[in-house]
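Heads up: the structure comes next, in structure tokens.
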Protein chains: 2
Amino acid sequence: MKRTDYAGNITEEYLGQIVTVKGWVAKRRDKGGLVFIDVRDREGIVQIVVDQETASEKVTETSKAIRTEFVVEITGKVIERSNKNDNIKTGGVEIEAESIEVLSTSKTTPFEIKDGIETSDENRMRYRYLDLRRPEMLANLRLRHAITHSIREYMDDEGFIDVETPFLNRSTPEGARDYLVPSRVNKGEFYALPQSPQLMKQLLMTAGLDRYYQIVKCFRDEDLRGDRQPEFTQVDLETSFLSEEEIQTLVERMIAKVMKDVKGIDVTFPFSRMSYDDAMNFYGSDKPDTRYEMKLQDLTELAHTIDFKVFQDAVAVKAVVAKNLANQYSRKAIDKLAEQAKQNGAQGLAWVKVEQGVLSGSIAKFLSDKADAFVSELDLDENDLVLIVADKLNTANSALGSLRQTIAKEHNLIDSSKFNFLWVVDWPLFEWSEEEGRYMSAHHPFTLSTAETREFLTADGSSEDSDLQKVRAHAYDIVLNGYELGGGSLRINTRELQETMLKALGFKLEDAEEQFGFLLEALEYGFPPHGGLAIGLDRFVMLLAGKYNIREVIAFPKNNRAADPMTQAPSPVSQKQLDELHINTLE
Amino acid sequence: MKRTDYAGNITEEYLGQIVTVKGWVAKRRDKGGLVFIDVRDREGIVQIVVDQETASEKVTETSKAIRTEFVVEITGKVIERSNKNDNIKTGGVEIEAESIEVLSTSKTTPFEIKDGIETSDENRMRYRYLDLRRPEMLANLRLRHAITHSIREYMDDEGFIDVETPFLNRSTPEGARDYLVPSRVNKGEFYALPQSPQLMKQLLMTAGLDRYYQIVKCFRDEDLRGDRQPEFTQVDLETSFLSEEEIQTLVERMIAKVMKDVKGIDVTFPFSRMSYDDAMNFYGSDKPDTRYEMKLQDLTELAHTIDFKVFQDAVAVKAVVAKNLANQYSRKAIDKLAEQAKQNGAQGLAWVKVEQGVLSGSIAKFLSDKADAFVSELDLDENDLVLIVADKLNTANSALGSLRQTIAKEHNLIDSSKFNFLWVVDWPLFEWSEEEGRYMSAHHPFTLSTAETREFLTADGSSEDSDLQKVRAHAYDIVLNGYELGGGSLRINTRELQETMLKALGFKLEDAEEQFGFLLEALEYGFPPHGGLAIGLDRFVMLLAGKYNIREVIAFPKNNRAADPMTQAPSPVSQKQLDELHINTLE
């Protein structure tokens, strides 16, 4: 029989009609000669009733034999339900079964198919097809589709051309670690899976496409955390001839449409703009969560007048005030915060409490005659807790920014109904890498520097004091609730500037030529001014779904070992496969 | 200055207005004190005029300095053109330049940026960004987007959920050769790039999605031909609870929408259905081109009465008649056809011509008293050429099917304005592989056999005479103009049947468990009846673009060595990268 409608759609409009539904047995119970079966499909649940006195023997027998998660096809008359259930759409009716066919049987599932189950993430991934049967997981996948649908509608309407770029690319060591693919035909050579279609989309601009977009998988072989997966999805776009602001406006309108379409929320734009320096100075983060205040404050000037060597020697002394929370932080709790500050590079954490009008804490004794100035500078009240880091400016900012978030989360200072979109702009072009001992791209090596600071681009990047730190980028990140949603920039469009940039990054000319020769060459054939942006789709969906791990919005994610507990990928392969690829595994 | 509109959109509606356009210099010529510049962008070309008597010195100088493929920004007044050009949309106007800014310069391009150029494919790929500047290539990319846009609209409207499946999968040796990706974290293990998301989409059905689709890259490491690339794109869909016919109807309506949206053509459906056996018997192909007749004819019965041992011994004697073409085929031309027949497995090719009422040719002398029967059976007329293969039935069909196509192409028998969609149905479940010496899946190992023929599924597949050849599949291919556009099937939804199928394919139980254990396990938890289809997007776009190579509709394709002449991918990688992946290349 053909299905009349989804089970979840069988409402009063079908009253009196004979309908057929197909789905899974969500629940089955006997009650005084009646058997009730809840049939579930993607649209919801409908109740089936079998009256053993009036039903055929076959229907009665089948109704007794079926078990949870059997797949059934049920035909019957839609009747009014005596015991109405207002919590579900179909709660006013039930189907009086005239025939029940078992389409597929089921063993007892390893966990219950319902929302809010408690089982390990590993178990959920091992039986992902059962996990996805749970309505909340299905809702996440549908939200994801609703978001991409909304984005595509916008991009298509705005004249962006969806172009597929290759997955089998050339490996470029700049950036994160590549996933490699050995070539069978070209012995000893490898493709790399794209970390982003960056260069391809730039080439599409010089090809004249003017507006390109793609929703595309990208790959980074990095160690995994909650919001990282080996493969992730980018909403990738690029435009020619537009300014930074014009690109931002395009993106804002896209996001506003998505928010309206999928959340019914009116987002006002233009979004706020914050300079990178302000973000670091006030929030201690390049992706500030502006849903709550608790800004970092600059104590340097006052601190230099205090008779405490650590303060006097420090380049920067910064503070964050946890209002009315002093009594929530025991000595032990503060020690934990100090530990966190140290993990973020700070030498230590000083603290002051205002208790019954008196300042106490690790540096209270040094304040002496500066105590009033201290209270007034920070605008302190009873029961405030002040956390202070004296260090290099970046270190003080980052350490306190991290504490700011911890405290806000611990004490529910965040209004989780808010969606605070924000542009972080005026980025430095480079950032110092302690690990590499050199300046590296803050975004990527194709980012355009501002005309005003371009003179500093020729400096040597091997010392932290280099003039490179003065170079500013036409770069912009879009931030949502403390998460980096995406980032973009204007790009370099001349060979000369691109070569200067690569040199500043420490490339030797021949290496630059070897790896980026095709780009350098393309830059000589009328390359238009261009720029774009990429948004992390997984994170965007996660935030709109109100989840805290991108695995919740990915159909088949990998675990923290980059493995799939369901298929057991990755796996050993046959010697024949390795031979064909001219490779060997090492013992 | 902000661009007013695309150059190609500057028509009479802008007359008298000051506009700014940005684009590439397509042409520049001096003519009696006037400089004419054609500016090209993705929407077309507009003519700029600089009158050296009235223009500023700067504009005049710049107009003289610019060269082809420079990127320029030009502002000026739109005026009526004295010398109208009706061939282009903007032909009624020109822009009187008030300012010209050079945004980017260009060297002389290695080939001209215009349609129909003659340069090597390798050169076009080497400078792909210039090749794509040619209007016909841009049109191909835009057609591709128009097609995916139309498909997505349809799928979204029909309630299909777009779900992304993983690219890093488990390798399964059944099927084509996998591209492998070494795992860094899991030493000595490999992911495989998907040949199709087959198992994942089936799992989405048991997860209850009911309708899934995705437009997704897939990968096969096979040797390349004109219509093959290492990576290709599939329109992939799967449904639960539908019959073969219901799925076909869904697809027909999708294709009809695409044809209407992008070609303005009304396609009538339902499409024709042809059984696999009829396709082979009448067209010698499982993807018949039905735009022209010239069907294969069965001569077996008559041939067995003819005094010619080759005919009498053959299982099948089949013929194809090239009407009124005998005089077009010299002895040498026929030898070439015979060579082609042999390449398709035939022992030889017999032929007969009707010339001036007389039968001549390789077997004319054997016909003797059967000549009239022969003429009447094949309905021969003057100047007909008959090609005959006596062999095993499959061989005779395939060899003549191939000749049928060659002759049709050589003599323009094909109406290239037609789009003949066709379903090939009633497939065998297995096909004999000479190479492997066993029966293999005609589609894939998850295809559902028909209930009527399922009893033969238990046979041993290691002999060509096996009963396995009797098993029919719920499988269907969609064919367009002699190309396999896509294929699909209903799938197995019980563990028992899936195990029987794997056994018939020669799997040992433990190997089946090792590779497909997760699927076998999933089949035990209420797996719904389901089926779907995948369409090869590259080929679909190619056919609608009227091209003969899928490279024409792919932005950055690989060459026949699976390499990209532009980026030089694949390439050697560093020892550090190999070390991290625990692999070595072999000398």
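So the values come out like this:
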read-out	value
From the options A:435, A:484, residue that is surrounded by fewer than 23 Cβ atoms within 10 Å (Cβ to Cβ) and assigned to a strand (DSSP E or B)	A:484
Count - residues of the stretch A:100-122 that are more than 10 Å from chain B (Cβ to nearest Cβ), surrounded by 13 or more Cβ atoms within 10 Å (Cβ to Cβ) and touching an Asp or Glu at 6+ places or on another chain (Cβ under 6 Å)	1
Meets criteria (more than 9 Å from chain B (Cβ to nearest Cβ), aliphatic (A, V, I, L, M) and either out of contact with any helix residue (DSSP H, G or I) (no Cβ under 6 Å at 6 or more places or on another chain) or surrounded by 18 or more Cβ atoms within 10 Å (Cβ to Cβ) (or both)) for residue A:97	yes
Those residues of the stretch B:70-85 which are free of Cβ contacts under 8 Å to residues at least 60 places away in the same chain and either surrounded by 19 or more Cβ atoms within 10 Å (Cβ to Cβ) or within 13 Å of chain A (Cβ to nearest Cβ) (or both), in sequence order	B:70, B:71, B:72, B:74, B:76
Residue in the stretch B:562-576 that is at pLDDT 95 or above, closer than 25 Å to residue A:198 by Cα and among the hydroxyl-bearing types (Ser, Thr, Tyr) present	yes
Matching entry among B:150, B:183, B:196 (being among the hydroxyl-bearing types (Ser, Thr, Tyr), buried (at least 18 other Cβ atoms within 10 Å of the Cβ) and closer than 16 Å to residue B:533 by Cβ)	B:196
Filter result for residue B:534 (modelled with pLDDT of 95 or more, at the interface with chain A (Cβ under 8 Å from one of its Cβ atoms) and within 30 Å of residue A:179 (Cα to Cα))	no
Of residues in the stretch A:18-41 being among the small types (Gly, Ala, Ser) and more than 12 Å from chain B (Cβ to nearest Cβ), the one farthest from residue B:241 (Cα to Cα)	A:32
The stretch B:489-517 - residue that is without any contact (Cβ under 8 Å) to a residue 24 or more places away in the chain and at the interface with chain A (Cβ under 10 Å from one of its Cβ atoms) and, of those, surrounded by the fewest Cβ atoms within 10 Å (Cβ to Cβ)	B:514
Residue count for the stretch B:568-577, restricted to those that are surrounded by 14 or more Cβ atoms within 10 Å (Cβ to Cβ) and in contact with a Pro (Cβ under 9 Å, 6 or more places away or on another chain)	4
Yes/no for residue B:527 being closer than 30 Å to residue B:437 by Cβ, of a type in the set (Phe, Trp, Tyr) and in a loop (DSSP other than H, G, I, E, B)	no
Matching option when the condition is assigned to a loop (DSSP other than H, G, I, E, B) and in contact (Cβ under 8 Å) with a residue 12 or more places away in the chain, among B:67, B:124, B:152, B:144	B:67
Failed item, numbered, when residue A:361 is tested on (1) under 21 Å from residue A:405 (Cβ atoms); (2) touching a strand residue (DSSP E or B) at 6+ places or on another chain (Cβ under 6 Å)	(1)
Where residue B:233 falls short, out of the listed (1) among the hydroxyl-bearing types (Ser, Thr, Tyr); (2) modelled with pLDDT of 95 or more; (3) under 24 Å from residue B:449 (Cα atoms)	(3)
Subset of the stretch A:189-215 [closer than 30 Å to residue B:575 by Cβ, more than 7 Å from every other protein chain (Cβ to nearest Cβ) and part of a strand (DSSP E or B)]	A:192
Number of the exception - residue B:387 against (1) over 30 Å from residue B:499 (Cα atoms); (2) out of contact with any Asp or Glu (no Cβ under 9 Å at 6 or more places or on another chain); (3) not in a strand (DSSP E or B)	(3)
Residue, farthest from the chain's Cα centre (by Cα), within the stretch B:83-108, restricted to residues that are within 16 Å of residue B:17 (Cα to Cα) and among the hydroxyl-bearing types (Ser, Thr, Tyr)	B:99
Residues being part of a helix (DSSP H, G or I) and among the acidic types (Asp, Glu) - total across the stretch A:404-426	1
Of residues in the stretch A:269-303 being in contact with a helix residue (DSSP H, G or I) (Cβ under 8 Å, 6 or more places away or on another chain) and among the hydroxyl-bearing types (Ser, Thr, Tyr), the one farthest from residue A:352 (Cα to Cα)	A:290
Enumeration of residues in the stretch B:66-104 that are modelled with pLDDT of 95 or more and of a type in the set (Gly, Ala, Ser)	B:76, B:91, B:92, B:97, B:99, B:104
Residue tally, condition touching a residue at least 40 places away in the same chain (Cβ under 8 Å), facing another protein chain (nearest Cβ under 8 Å) and in a loop (DSSP other than H, G, I, E, B), over the stretch B:155-172	5
Candidate set from the stretch A:173-188 (those that are farther than 30 Å from residue B:133 by Cα and either basic (Lys, Arg) or more than 9 Å from chain B (Cβ to nearest Cβ) (or both)); member that is farthest from the chain's Cα centre (by Cα)	A:187
Options A:268, A:290: the member that is at pLDDT below 95 and within 22 Å of residue A:482 (Cα to Cα)	A:268
In the stretch A:537-587, residue nearest to the other protein chains (Cβ to nearest Cβ) [restricted to those that are farther than 19 Å from residue B:166 by Cα and of a type in the set (Ser, Thr, Tyr)]	A:585
All positions within the stretch B:355-367 that are among the hydrophobic types (A, V, I, L, M, F, W, C) and loosely packed, with under 13 Cβ neighbours inside 10 Å	B:358
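Results for (1) touching a helix residue (DSSP H, G or I) at 6+ places or on another chain (Cβ under 8 Å); (2) among the hydroxyl-bearing types (Ser, Thr, Tyr), shown as yes or no for each residue.
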residue	(1), (2)
A:34	no, no
A:43	yes, no
A:50	yes, no
A:55	yes, no
A:68	no, yes
A:83	no, no
A:86	no, no
A:92	yes, no
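Yes/no per residue for (1) under 28 Å from residue B:419 (Cβ atoms); (2) in contact with an Asp or Glu (Cβ under 8 Å, 6 or more places away or on another chain); (3) part of a helix (DSSP H, G or I):
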position	(1), (2), (3)
B:439	no, yes, no
B:445	no, yes, no
B:454	no, no, yes
B:465	no, no, no
B:476	yes, yes, no
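The values are calculated or read from the model by the stated rules, or taken from the named source; none is laboratory data. All values derive from a computational prediction rather than experimental measurement. Neighbour counts are summed over all protein chains in view; Cβ atoms, including those assigned to glycine, are modelled from backbone coordinates with ideal geometry.
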